[in-house]
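**Q** Have a look at this one.
The values are calculated or read from the model by the stated rules, or taken from the named source; none is laboratory data. No experiment lies behind these values; they were computed from the predicted model shown. Cβ atoms come from the backbone with ideal geometry, glycine included; neighbour counts cover every protein chain shown. For accessibility, only protein heavy atoms count, side chains too; no ligands or nucleic acids. Shrake-Rupley method; radii C 1.70, N 1.55, O 1.52, S 1.80 Å.
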Amino acid sequence: GFLEYAVIRCVFNSTELKGIEFIRSYYFNKVEDVRFSSSVGKYVGYTEPGLKYAENWNKDQALMASEKAQKETYCQHNIDID
């Protein structure tokens, strides 16, 4: 069978917004296909399908605005919990 999953993580260097990185990665059969990083500000593909996903997702302005907001709404919001 095939295994596909996503991992969301926050990397904290400080409690300030500038010291936080939001990362969303998509994997297929244990290989990372594509990743969004708030430090880069867009999706980056690492495989042939991942390159296509990144190209299409980076064109979606609503998706990009949502992903860029996750650093504050998801990571910073949960900083006291983590």
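**Q** When the stretch 45-63 is examined, which residues are found to be of a type in the set (Gly, Ala, Ser) and assigned to a helix (DSSP H, G or I)? Write out each step before concluding.
**A** Let us first name the residues in the stretch 45-63 that are of a type in the set (Gly, Ala, Ser), namely 45, 50, 54, 62.
Residues satisfying the conditions are GLY50, ALA54, ALA62.
**Q** Residue check: is ASN13 in contact with a Leu (Cβ under 6 Å, 6 or more places away or on another chain), of a type outside the set (D, E, K, R) and open to solvent by 60 Å² or more (accessible area, probe 1.4 Å)? Walk me through it before giving the result.
**A** Numbers: in contact with a Leu (Cβ under 6 Å, 6 or more places away or on another chain): no; of a type outside the set (D, E, K, R): yes; open to solvent by 60 Å² or more (accessible area, probe 1.4 Å): yes.
The answer is no for ASN13.
**Q** Still on this structure, I have one more. Can you pull out every residue in the stretch 21-38 that is open to solvent by less than 10 Å² (accessible area, probe 1.4 Å) and either touching a residue at least 40 places away in the same chain (Cβ under 8 Å) or not in a strand (DSSP E or B) (or both)?
**A** Result: PHE22, single match.
**Q** Taking SER66 as meeting all but one of (1) of a type outside the set (Val, Ile, Thr); (2) touching an Asp or Glu at 6+ places or on another chain (Cβ under 7 Å); (3) assigned to a helix (DSSP H, G or I); (4) open to solvent by less than 60 Å² (accessible area, probe 1.4 Å), write down the number of the exception.
**A** Failing condition for SER66: (2).
**Q** Right, here's the next one. Across the stretch 69-82, what is the number of residues that are open to solvent by 50 Å² or more (accessible area, probe 1.4 Å) and of a type in the set (Val, Ile, Thr)? Spell out the reasoning first.
**A** Let us first name the residues in the stretch 69-82 that are open to solvent by 50 Å² or more (accessible area, probe 1.4 Å), namely 72-74, 76-77, 80-82.
Add one more test, that the residue is of a type in the set (Val, Ile, Thr), and what stays is 73, 81.
Total satisfying the criteria: 2.
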